[in-house]
Amino acid sequence: MRSHVLLFASILSVLAGCAQRPDPPPATLAELEKVTAAKSAHEIATYIFDTYGCKNCHTVATGGKFGYTALGEQLKNKSEGCISMLTSVSRIVTLPEDKRTPENNEKLAHFKDYGCTACHRISFGSVGLTEIGAKLQTMHLACTDVQKVLN
């Protein structure tokens, strides 16, 4: 009997954990506009920071700059921080695919893995903005603007 109770409690715990999984970030402009309607710039910046993966690598610090989590420090030291990543990817996408090194391809994969593609897109040999990224830019809430608003 006791083992059944423990089994039931374990299953219930797992299900509760699954139910608490955060919602994925809005994938379309319409979804973003819906969840950010009637919010202040600071509230929207906080939402972007919390929802689009910024907090995985950054902390809110002072002086208009982000700090770094342990993961953020590792990525910065590997030249995979936000600015160096965007600079590298902008260069890599100009190369023909058959000229890209395994390291180039790994960096392109990381660009997606780190959440950059929510706002930045690769197309026709350049890096541009997605619909969401363009909207955030017009709201003065691009990557560096979020940093300024939150600090």
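Data overview
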{"quantity": "Positions within segment 97-128 being touching a Ser or Thr at 6+ places or on another chain (Cβ under 6 Å) and of a type in the set (D, E, K, R), in sequence order", "calculated": "107, 121"}
{"quantity": "Top-ranked residue in segment 29-40 [being small (Gly, Ala, Ser) and either in contact with a strand residue (DSSP E or B) (Cβ under 8 Å, 6 or more places away or on another chain) or part of a loop (DSSP other than H, G, I, E, B) (or both); ranked as surrounded by the fewest Cβ atoms within 10 Å (Cβ to Cβ)]", "calculated": "38"}
{"quantity": "Verdict on residue 113 being modelled with pLDDT under 90 and either within 21 Å of residue 25 (Cα to Cα) or among the charged types (D, E, K, R) (or both)", "calculated": "yes"}
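The values are calculated or read from the model by the stated rules, or taken from the named source; none is laboratory data. As the structure is a computational prediction, the values presented were derived from the model and not from experiment. Virtual Cβ from ideal backbone geometry, glycine too; neighbours counted across all protein chains shown.
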